[in-house]
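Here the structure comes first, spelled out in structure tokens, and everything after it is commentary.
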Amino acid sequence: MKLLKRILLLLLVIAVAMYLSKLGYETYQKPVLEGTIESSEINSETTVYFDEYGIPHIYGSNELDALTALGYVHAQDRLWQMELLRRIAPGRLSEILGEPTVETDTFFANLGIDEASEKAIQALDKNGEAYLKAQAYLNGVNDFLKNGATPIEFTLLGVEPEPFTIKDSYNILGYMAFSFAMAHKTDPLLTALHQKLGMEYMSDLPIDINPETTLIKTTKKESETYAKTVASIHNALNNSPMPPFIGSNSWVIGPEKTASGKVILANDPHIGFAQPAVWYEAHIEVPNYSMYGYYMAGIPFPLLGHNKNLAYGITMFENDDIDFYREELHPSDSTKYRFKEEYFDFDTSEKTIKVKDADPIQITVRKTNHGPVINSNVETISEESPISMSWVFTKYESHVLEALHQISIATNKEEFKKGVSLIHAPGLNMMYGDATGNIGWWAAGKLYTFNEHVNPKFILDGASGNDEPIEVLDFGQNPTAQNPPWHYVYSANNQPDSIAGMLYPGYYLPEDRAKRIVELLDPKNNWTKEDVQLMINDHVSAVAPNNVAQIIASIEQKDLNSKEKEALEILKSWDGSNAEDNIASTIYSKWLYQYLELTFQDEMGEEYFQQFLKTHLVKRTVAHVLKNDTSIWWDNSKTEIVETKDDILLLSFKKSVHLLLNQFGENQSTWMWGKVHTLEHQHPIGSQAVLQSIFNVGPFPMKGAKEVIDNRGYDYSNTGLYQIKSGPSTRRVIDFSDIENSVSILPTGQSGNPFSPHYQDQAAMFNAGQFRKMKMNKKEILDNSTKLIFLPTNE
């Protein structure tokens, strides 16, 4: 009933808004792209030129005023996005979104990001450049909040705007850091599977099992705790209204391998698709500072950027910086836990989750020496088995804002490296190239080691003290490559080589994209910007054809009907490409799910299997088990016979063709990938059908697939529909032979304001794999831009 009333209310509000649009409401809501704005936060005249895609080019006499102008125009286009992002880490979504986000709020309130932000701010030099520049940006955001048009989302949900603070910036970075991690989806699941199935099954998965690994022994009741912990984490993250960070590609080609003899950098960070998109582009030019940057909502310094001297990008390192510990309670006092030979009181605090249209919820946050107890507030979980989470981000003092500032003002490789060294979490691969021919990548993050018996991919023993980290590595031991003799560097979230005599534990993605990148880069020594643009749109899998070869070898001589033979012939001639009109992509993707379901679901059970499908581990498992003819997973534990690899591959293929015939019909030429592989950019309040056409962008048929360079993330499912959830959040190509004509694209548009002409004006180009220029030439900018002047308020 509440939902129905809310929908009716929204319909009424929209009807009123449509009426008001005739009276100028729509004009009032549109971003101001020209004219003059007087601001008490500006000290000298600062001019913003908006180009034909709504990207601001900011010119002024000093960096502080330029950053204030940036904050204002950023808020003008993305205030609602800023509002949602700042609410996740402290657990404040339910204040505006109601009961659906209570579980998410409870989970994040437990993590301690808000408290870690407070500590970082206390230690921050308030007279330092990073703080003063961040505050200037926030002054601009708050200036718009006070004097600009209130975004329609605030009106629809009845949100009262509050001033933004530097703590909001830290909390946004904290959420970003947590969304990078994969341990929270993997470790409790693997522990639960180990308790259910035993080590023989675990050893047949690609999780680096050390024969000496000692796993803690638990009761059946505690095993159920692990399972419920997995479910609670998944539910909390799935209900978050903002997209997670998934993976990424980047490569930097040295001058020895380019036609011009100059460096070329490519980067396409993979992030959950949403509307508005993650990045906000802005170009700043003031004396002694120039930057064309990509900014996250509420963050004053760009995470991606370039100028005429250097360029940088990021991918996710995927290192393991989260560990879970099973704590042991005092036998007669549940307020204490054991560590080594002593018992300690839990560090407890009370928090209130405010809920729109409902009573507030009181939660108790408990912490051990390892970190927050993440199952404290899940009613179905036994208090006898607390599980705490040790996370590098909250364990050490954060300098991430200073790091981003240092990176943004760097003028050479060494200054850039200095900024990278300040990042302790999240784990990032920082990619670099410059005008003088240097290239490099550095893995940023605080890495540490355990004793040999510890496998951090399982829940560890918190009581004995034997599973604690034994050494924190110096930044100089992090993986890196600088001006290597093979003349390029790259990252595709795959396992890095070691320079510290060890492999770095992590949740790395399989070799698919990395293999394809190397396969393309290695043989060619005359790369151009245009070549790189084609490569960043490449949708050929370097691994899928090998998987298909396994299918063919197993079933080619088996009894197949005419339609199955026809489908097999299509797969035989497949080169691994995933264009919209490709048929083999549809057959392969349908088979892939059937293979996974028939191989793993019988042992795991439906709940664990569905959770397994959401991890990076499943992507590594596909080829790993497929190559193992004697894997224990092949046998269906629910039948009386012992199934073989050939049995499962034959059954999965037959079942796939049968399902495709039901889905599409007998004409296999109609089984086109773009019919089932689609993308809709969803606004957080666009889930209501009546609002969908107003706020969402799409759906569109799309090329690309999982783990190709043009990477697309979608759920493995039996539906035969692959609704894309993540992918390139931008595609950038920076060419130092022609820096003013470097190119980029956003998935929808620059603005998050549905009344803006730049809400979705790049979507068609993005879908087609096209690019637009990132303008840096002032004359060219002035020739095609509107002009907005910020002036100091006359006293």
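The values are calculated or read from the model by the stated rules, or taken from the named source; none is laboratory data. Predicted model, so just to flag it, every value in this text is computed and none were measured. Note that each Cβ is placed from the backbone with ideal geometry, even for glycine, and that neighbours are counted across all protein chains shown. To get the accessible areas, we keep the full protein, side chains included, count just its heavy atoms, and leave off ligands, DNA and RNA. Shrake-Rupley method; radii C 1.70, N 1.55, O 1.52, S 1.80 Å.
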Quick check, is SER349 over 21 Å from the mean Cα position of the chain (by Cα) and part of a strand (DSSP E or B)? yes
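For every residue, the table says whether it meets (1) farther than 22 Å from GLY713 by Cβ; (2) of a type in the set (Val, Ile, Thr).
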site: LEU617; (1), (2): no, no
site: ARG620; (1), (2): no, no
site: ALA623; (1), (2): no, no
site: ASN628; (1), (2): yes, no
site: ASN636; (1), (2): yes, no
site: ILE641; (1), (2): yes, yes
site: SER652; (1), (2): yes, no
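Let's see how each residue does on (1) of a type in the set (Gly, Ala, Ser); (2) open to solvent by 10 Å² or more (accessible area, probe 1.4 Å); (3) touching a residue at least 24 places away in the same chain (Cβ under 8 Å); (4) assigned to a strand (DSSP E or B):
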residue: GLU402; (1), (2), (3), (4): no, yes, yes, no
residue: ILE407; (1), (2), (3), (4): no, no, yes, no
residue: THR411; (1), (2), (3), (4): no, yes, yes, no
residue: GLU414; (1), (2), (3), (4): no, yes, no, no
residue: LYS418; (1), (2), (3), (4): no, yes, no, no
residue: HIS424; (1), (2), (3), (4): no, yes, yes, no
residue: GLY433; (1), (2), (3), (4): yes, no, yes, yes
residue: TRP441; (1), (2), (3), (4): no, yes, yes, yes
residue: HIS453; (1), (2), (3), (4): no, yes, yes, no
Give the residue that is farthest from SER390 (Cα to Cα), with candidates limited to residues of the stretch 320-357 that are in contact with a Ser or Thr (Cβ under 8 Å, 6 or more places away or on another chain) and hydrophobic (A, V, I, L, M, F, W, C). VAL355
With the checklist (1) farther than 18 Å from SER248 by Cβ; (2) open to solvent by 10 Å² or more (accessible area, probe 1.4 Å) in hand, flag the one item TYR325 doesn't pass. (2)
Determine whether ALA542 is small (Gly, Ala, Ser) and closer than 24 Å to ILE439 by Cβ. yes
Among the listed residues ALA282, ALA266, identify the single one that is closer than 26 Å to GLU707 by Cα, among the hydrophobic types (A, V, I, L, M, F, W, C), open to solvent by less than 10 Å² (accessible area, probe 1.4 Å) and over 12 Å from the mean Cα position of the chain (by Cα). ALA266
Look at LEU520 and say whether it is outside any loop (DSSP other than H, G, I, E, B), modelled with pLDDT of 95 or more, of a type outside the set (S, T, N, Q) and surrounded by fewer than 16 Cβ atoms within 10 Å (Cβ to Cβ). no
Only residues that are farther than 13 Å from TYR201 by Cβ and free of Cβ contacts under 8 Å to residues at least 12 places away in the same chain: list them for the stretch 631-643, please. THR639, GLU640, ILE641, VAL642, GLU643
Got a sec? Which of SER290, SER250 is open to solvent by 10 Å² or more (accessible area, probe 1.4 Å), small (Gly, Ala, Ser) and assigned to a strand (DSSP E or B)? SER290
Kindly indicate whether any position in the stretch 515-523 is within 25 Å of the chain's Cα centre (by Cα) and of a type in the set (Lys, Arg). yes
From ILE789, ILE739, ILE781, which residue is of a type in the set (Val, Ile, Thr), at pLDDT 95 or above and open to solvent by less than 10 Å² (accessible area, probe 1.4 Å)? ILE781
Residue that is surrounded by the most Cβ atoms within 10 Å (Cβ to Cβ) [pool: residues in the stretch 529-544 that are assigned to a helix (DSSP H, G or I) and among the charged types (D, E, K, R)]: LYS529
Here is a list: SER376, SER334. Which entry is at pLDDT below 95 and under 28 Å from the mean Cα position of the chain (by Cα)? SER376
Condition first: out of contact with any Leu (no Cβ under 9 Å at 6 or more places or on another chain) and either crowded, with 18+ Cβ neighbours inside 10 Å or in a loop (DSSP other than H, G, I, E, B) (or both). Now tell me which residues in the stretch 648-664 satisfy that. LEU660, PHE664
Picking from SER491, SER464, the residue that is more than 29 Å from THR621 (Cβ to Cβ) and among the hydroxyl-bearing types (Ser, Thr, Tyr) would be SER464
What strands (runs of 3 or more DSSP E), lying completely within the stretch 1-112, carry at least 2 residues that are open to solvent by 20 Å² or more (accessible area, probe 1.4 Å) and at pLDDT 95 or above? 35-39
Give me the pairs, please: first residue somewhere in the stretch 581-608 and without any contact (Cβ under 8 Å) to a residue 40 or more places away in the chain and within 18 Å of ASN546 (Cβ to Cβ), second residue anywhere and open to solvent by 10 Å² or more (accessible area, probe 1.4 Å) and among the hydroxyl-bearing types (Ser, Thr, Tyr), beta-carbon distance under 9 Å, and either six or more positions apart or on two chains. ALA584/SER573; ALA584/SER577
Would you check if there is a residue in the stretch 297-310 being touching a residue at least 40 places away in the same chain (Cβ under 8 Å), surrounded by 18 or more Cβ atoms within 10 Å (Cβ to Cβ), closer than 25 Å to ASP187 by Cβ and in contact with a Phe, Trp or Tyr (Cβ under 9 Å, 6 or more places away or on another chain)? no
Do you know which residues across the stretch 609-624 are outside any helix (DSSP H, G or I) and open to solvent by 20 Å² or more (accessible area, probe 1.4 Å)? LYS614
Across the stretch 194-210, the tally of residues that are at pLDDT 85 or above and within 26 Å of the chain's Cα centre (by Cα) stands at 2
For the stretch 470-493, what are the residues that are without any contact (Cβ under 8 Å) to a residue 60 or more places away in the chain and not in a loop (DSSP other than H, G, I, E, B)? GLU471, VAL472, PHE475, GLY476, GLN477, THR480, ALA481
Restricting attention to the stretch 665-694, which residues are over 22 Å from the mean Cα position of the chain (by Cα) and either without any contact (Cβ under 8 Å) to a residue 24 or more places away in the chain or open to solvent by less than 40 Å² (accessible area, probe 1.4 Å) (or both)? GLY665, ASN667, GLN668, THR670, TRP671, TRP673, GLY674, VAL676, ALA689, LEU691, GLN692, SER693
